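> Pasting a structure here, questions to come.
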Amino acid sequence: MARSYKYFLLMPAIAYLLVMGIFPLLFSLHAAFHSTVAGEYQFVFLRNFFRILEDARFLNTLRVTITIMIAVIAIELLIGLGMTFLLAYLKMKGITYTLTQVVLLLPIMMPPIVVGYTWRLILDPFIGPINEIITSMGFSRVTFLTIPNTALLSVILCTVWYWAPFAIVSLYAGFRNIPEELYEAAAVDGATGWRSHRYLTIPLLKQVIVTVILLRIMDLLKLFDIVFVLTSGGPGTSTEVVTLYNYIVGFKYFDTGYASAISYIVLIFSIVISTIFSRLAMGEKK
Amino acid sequence: MKPLRIFGYCILILFFFYELFPFYWMFNTAFKTRAELRLSPHVTFFPHNPTIENFVVVLRRQVTAFVTPPIMNSIIISLVSTLITLILSVPASYSLARFKIKRSDNISFWILSQRMMPPIALAIPYFIMIGALNLLDTQLALILVYTAFNLPFAVWMLKAYWADFPWVLEEAALTDGCNRLQSFFNVILPLSWGSIATVTFFTFIFSWYEFLFALILTRSRATTITISLASSILETGVEWGWISALSVICTIPTILLSIFLYKRIISGLTLGAIKG
């Protein structure tokens, strides 16, 4: 009896995902091979994809996205590992430990759109606290979000603020999974403090570190809300990430075919990363 | 206390200051008067005449400036989407975790890969599909879309929880004469409330947060709370007091829930990194 039963339970979910997940992708693949310019739906085969290669604005969004990815992930890992070592050293218990966990959770629980607006307010040249401190020290105002470099830096700092707690929570959970006997054995061999981290914690956390990097690459590929609110890609296109450009092409220029082609490039990249991710995750189980 | 330990706590406090500052500033701005925000020559680090005026204005605007109050839309859409997600995901993940299913690893991976999909890849086809169904700017459109994003995550999480479930208990209930449905509701469900609560929390929060699809698929009738924030940007300038008050309203439910559920949420968040 369990034979038909188990598929009967599974089917509704699978059916839903086929209709809402696979079908739309086939639809946009179809759109990617067509051009809608001048109101006509024409088959253009790969022309949309060739256009991507010559599109300087698209290549710029790639540069911006990759810069943000590298900077954000590097800073997050540094903070994550540093805080893991710190928490391991402090060995907090009871209320202080609970408090730490709650504080680490709060930023993750803020809606991304609110994160964007709140940071825009903090960085505001006239009513933001940072510029108040800068001017009270006698320096001139910095309009963070209208200078290309500081705008990019602001996006990076805001994203790090949002997701560094995730890196800490994940790495620290990984650390707590390491049996304590290993550290006792290492201490007998003379490895304590920093040395025990260098030779035990970091190698043993390798799996978690790689997973965090892959998850963050996939998340940052989707980065949209924060940039949309904070800078809208500006000044110029200096903070325009791939997703934002894709949105502009699709919903501001209404160039459906080209936007679908771009989204397919993003999709393929994300499939590659998620395949690596799942290989690692499945490999660990066997 | 050793000096090194004190130094360690100083670093920790410094980091907490960075992480908590935006919360402080959000509350600080939300309780300031319009005059203090606009006319004061210096930025004030606490509200001099604390007022709830911003909250009153913002809540009134929710009713007057939109066809349906965005806050109501958000609550309805999040609740219904969470409910559908649970109805679909609980049986599916039970089946995946409990029974031997051909290519079960492949099915799980396929479901998981749906979660990794960049939303922008689905934005254009959804816009066209939902337009063709004449569902643009309706609550149903967002419910359908959010369920599609929540479902893979819910299945994956529940399956991970049920992977270590003591199934002997179910066997015992079955030998005692329960049928599968009875044993599910009387034995398995009562023992899984914690996991289901976590999944419910995450799916609710996702719908509550969502911005991109709400931006694309709604105009005026089904606007959600995240979209309504932008309506505080007027031609006469940005009403930061309103934005902050709305931000507080938008963030409070998630903060409250996370304080009660923090242990479960942390284990849910790290599930991907630790268990795979």
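The values are calculated or read from the model by the stated rules, or taken from the named source; none is laboratory data. This structure is a prediction, so every number in the text was calculated from the model and none was measured. Every residue, glycine as well, gets a Cβ built from its backbone with ideal geometry; the counts of neighbours run over all protein chains shown. Ligands, DNA and RNA are excluded from the accessible area calculation, which covers all protein heavy atoms including side chains. Shrake-Rupley method; radii C 1.70, N 1.55, O 1.52, S 1.80 Å.
> How many residues does the range B:133-142 contain that are surrounded by fewer than 23 Cβ atoms within 10 Å (Cβ to Cβ) and in a helix (DSSP H, G or I)?
Pass one, the range B:133-142, residues surrounded by fewer than 23 Cβ atoms within 10 Å (Cβ to Cβ): B:133-140.
Going one step further and asking which of them are in a helix (DSSP H, G or I), we end up with B:139-140.
Counting residues in the range B:133-142 that are surrounded by fewer than 23 Cβ atoms within 10 Å (Cβ to Cβ) and in a helix (DSSP H, G or I) gives 2.
> Which residue pairs have Cβ atoms closer than 7 Å, lie 6 or more positions apart in sequence or on different chains, and pair a first residue in the range A:143-166 that is in contact (Cβ under 8 Å) with a residue 12 or more places away in the chain with a second residue that is open to solvent by 60 Å² or more (accessible area, probe 1.4 Å) and β-branched (Val, Ile, Thr)?
A:VAL160/A:ILE75
> Quick one: how many residues across the range B:26-37 are at the interface with another protein chain (Cβ under 8 Å from one of its Cβ atoms) and either without any contact (Cβ under 8 Å) to a residue 40 or more places away in the chain or among the basic types (Lys, Arg) (or both)? It would help to see each step written out before you state the result.
Going through the range B:26-37, the residues at the interface with another protein chain (Cβ under 8 Å from one of its Cβ atoms) turn out to be B:26, B:29, B:37.
Subsequent filtering for residues that are either without any contact (Cβ under 8 Å) to a residue 40 or more places away in the chain or among the basic types (Lys, Arg) (or both) retains none.
Residues in the range B:26-37 being at the interface with another protein chain (Cβ under 8 Å from one of its Cβ atoms) and either without any contact (Cβ under 8 Å) to a residue 40 or more places away in the chain or among the basic types (Lys, Arg) (or both): 0 in total.
> Which condition breaks for A:ARG51 when tested against (1) modelled with pLDDT of 90 or more; (2) more than 30 Å from B:SER93 (Cβ to Cβ); (3) not aliphatic (A, V, I, L, M)?
It fails just one condition, (1).
> Turning to a different aspect of this structure: In the range A:218-259, how many are more than 8 Å from chain B (Cβ to nearest Cβ), within 29 Å of A:LEU26 (Cα to Cα), in contact (Cβ under 8 Å) with a residue 40 or more places away in the chain and over 16 Å from the mean Cα position of the chain (by Cα)?
Of the residues in the range A:218-259, 5 are more than 8 Å from chain B (Cβ to nearest Cβ), within 29 Å of A:LEU26 (Cα to Cα), in contact (Cβ under 8 Å) with a residue 40 or more places away in the chain and over 16 Å from the mean Cα position of the chain (by Cα).
> I'd like the full set of residues that are open to solvent by less than 90 Å² (accessible area, probe 1.4 Å), of a type in the set (A, V, I, L, M, F, W, C) and more than 8 Å from chain B (Cβ to nearest Cβ), limited to the range A:8-37.
First, pick out the residues of the range A:8-37 that are open to solvent by less than 90 Å² (accessible area, probe 1.4 Å): A:9-10, A:12-22, A:24-25, A:27-29, A:31-36.
Subset that is of a type in the set (A, V, I, L, M, F, W, C): A:9-10, A:13-15, A:17-20, A:22, A:25, A:27, A:29, A:31-33.
A:ALA15, A:LEU18, A:VAL19, A:ILE22, A:LEU29, A:ALA32, A:PHE33 - these are the residues of the range A:8-37 that are open to solvent by less than 90 Å² (accessible area, probe 1.4 Å), of a type in the set (A, V, I, L, M, F, W, C) and more than 8 Å from chain B (Cβ to nearest Cβ).
> Now for a different question. Name, by its number, the condition in (1) at pLDDT 85 or above; (2) closer than 30 Å to B:PHE201 by Cα; (3) not aliphatic (A, V, I, L, M) that does not hold for B:TYR9.
Of everything listed in (1) at pLDDT 85 or above; (2) closer than 30 Å to B:PHE201 by Cα; (3) not aliphatic (A, V, I, L, M), B:TYR9 misses just condition (2).
> If you don't mind, there's one more thing I want to ask. How many residues are open to solvent by 100 Å² or more (accessible area, probe 1.4 Å) and either in a loop (DSSP other than H, G, I, E, B) or more than 24 Å from B:ILE252 (Cβ to Cβ) (or both) if we restrict to the range B:1-48?
As a first pass, look at the range B:1-48 and keep what is open to solvent by 100 Å² or more (accessible area, probe 1.4 Å): B:1-4, B:7, B:13-14, B:17, B:34, B:38-39, B:41-42, B:46, B:48.
Now narrow it down to the ones that are either in a loop (DSSP other than H, G, I, E, B) or more than 24 Å from B:ILE252 (Cβ to Cβ) (or both): B:1-4, B:7, B:13-14, B:38-39, B:41-42, B:46, B:48.
Looking only at that region, the number is 13.
> Which is in contact (Cβ under 8 Å) with a residue 12 or more places away in the chain and among the charged types (D, E, K, R), of A:GLU40, A:GLU76, A:GLU54?
Details: A:GLU40 fails: in contact (Cβ under 8 Å) with a residue 12 or more places away in the chain; A:GLU54 fails: in contact (Cβ under 8 Å) with a residue 12 or more places away in the chain.
Going through A:GLU40, A:GLU76, A:GLU54 in turn, just one is in contact (Cβ under 8 Å) with a residue 12 or more places away in the chain and among the charged types (D, E, K, R): A:GLU76.
> Now, a different point. Which helices (runs of 4 or more DSSP H) sit wholly inside the range A:38-137 and have at least 2 residues that are open to solvent by 40 Å² or more (accessible area, probe 1.4 Å)? Show your work before the answer.
On the way: elements: A:47-54, A:56-90, A:94-108, A:112-122, A:129-136.
Where helices (runs of 4 or more DSSP H) fall fully within the range A:38-137 and carry at least 2 residues being open to solvent by 40 Å² or more (accessible area, probe 1.4 Å), they are A:47-54, A:56-90, A:94-108, A:129-136.
> Same structure again: Show the residue pairs that are 6+ apart or on different chains and have beta-carbon atoms under 7 Å apart, the first residue being within the range A:116-134 and within 8 Å of another protein chain (Cβ to nearest Cβ), the second being surrounded by fewer than 21 Cβ atoms within 10 Å (Cβ to Cβ) and of a type in the set (Lys, Arg).
Partner pairs satisfying both residue conditions: A:ASN131/A:ARG141.
> Let me spell it out: the conditions are (1) touching a residue at least 40 places away in the same chain (Cβ under 8 Å); (2) crowded, with 22+ Cβ neighbours inside 10 Å; (3) within 14 Å of chain A (Cβ to nearest Cβ); (4) closer than 30 Å to A:TYR245 by Cα, and B:SER93 meets all of them except one. Which number is the exception?
Condition not satisfied by B:SER93: (4).
> Has the range A:157-175 got any residue that is out of contact with any Pro (no Cβ under 8 Å at 6 or more places or on another chain) and at pLDDT below 85?
no
> Give the residue, chosen from B:ILE243, B:ILE249, that is at pLDDT 90 or above, under 17 Å from the mean Cα position of the chain (by Cα) and either open to solvent by 30 Å² or more (accessible area, probe 1.4 Å) or under 18 Å from B:ARG38 (Cβ atoms) (or both). Walk me through it before giving the result.
Numbers: B:ILE243 fails: under 17 Å from the mean Cα position of the chain (by Cα).
Result of the check over B:ILE243, B:ILE249: B:ILE249.
Each row is one residue, and each column tells you yes or no for (1) open to solvent by less than 10 Å² (accessible area, probe 1.4 Å); (2) over 30 Å from A:VAL114 (Cα atoms).
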| site | (1), (2) |
| --- | --- |
| B:PRO190 | no, yes |
| B:VAL199 | yes, no |
| B:TRP208 | no, no |
| B:SER220 | no, no |
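> Any chance you could count how many residues in the range A:85-94 are away from chain B (no Cβ under 12 Å) and within 20 Å of B:LEU4 (Cα to Cα)?
Of the residues in the range A:85-94, the ones away from chain B (no Cβ under 12 Å) are A:93-94.
Pick out the ones that are also within 20 Å of B:LEU4 (Cα to Cα) and you get A:93.
Looking only at that region, the number is 1.
> Is it the case that B:PHE165 is within 14 Å of another protein chain (Cβ to nearest Cβ) and either open to solvent by less than 30 Å² (accessible area, probe 1.4 Å) or in contact (Cβ under 8 Å) with a residue 60 or more places away in the chain (or both)?
Values: within 14 Å of another protein chain (Cβ to nearest Cβ): no; either open to solvent by less than 30 Å² (accessible area, probe 1.4 Å) or in contact (Cβ under 8 Å) with a residue 60 or more places away in the chain (or both): yes.
When the stated conditions are applied, B:PHE165 does not pass them.
> Could you figure out which of (1) surrounded by fewer than 21 Cβ atoms within 10 Å (Cβ to Cβ); (2) assigned to a helix (DSSP H, G or I); (3) within 11 Å of chain B (Cβ to nearest Cβ) isn't true of A:ILE262?
A:ILE262 satisfies all of (1) surrounded by fewer than 21 Cβ atoms within 10 Å (Cβ to Cβ); (2) assigned to a helix (DSSP H, G or I); (3) within 11 Å of chain B (Cβ to nearest Cβ) except (1).
> Okay, moving on. Could you check how many residues of the range B:96-125 are touching a Lys or Arg at 6+ places or on another chain (Cβ under 8 Å) and either open to solvent by less than 10 Å² (accessible area, probe 1.4 Å) or facing chain A (nearest Cβ under 8 Å) (or both)?
At the first step, the residues of the range B:96-125 found to be touching a Lys or Arg at 6+ places or on another chain (Cβ under 8 Å) are B:96-99, B:101, B:108, B:118-120.
Within this subset, residues satisfying the condition of being either open to solvent by less than 10 Å² (accessible area, probe 1.4 Å) or facing chain A (nearest Cβ under 8 Å) (or both) are B:96, B:98-99, B:101, B:118-120.
Of the residues in the range B:96-125, 7 are touching a Lys or Arg at 6+ places or on another chain (Cβ under 8 Å) and either open to solvent by less than 10 Å² (accessible area, probe 1.4 Å) or facing chain A (nearest Cβ under 8 Å) (or both).
> Is it true that A:ILE276 is at negative phi, in contact (Cβ under 8 Å) with a residue 12 or more places away in the chain, surrounded by fewer than 19 Cβ atoms within 10 Å (Cβ to Cβ) and more than 19 Å from the chain's Cα centre (by Cα)? Break it down into steps so the answer makes sense when it comes.
Values: at negative phi: yes; in contact (Cβ under 8 Å) with a residue 12 or more places away in the chain: yes; surrounded by fewer than 19 Cβ atoms within 10 Å (Cβ to Cβ): yes; more than 19 Å from the chain's Cα centre (by Cα): no.
Considered against the rule, which asks whether it is at negative phi, in contact (Cβ under 8 Å) with a residue 12 or more places away in the chain, surrounded by fewer than 19 Cβ atoms within 10 Å (Cβ to Cβ) and more than 19 Å from the chain's Cα centre (by Cα), A:ILE276 comes out as no.
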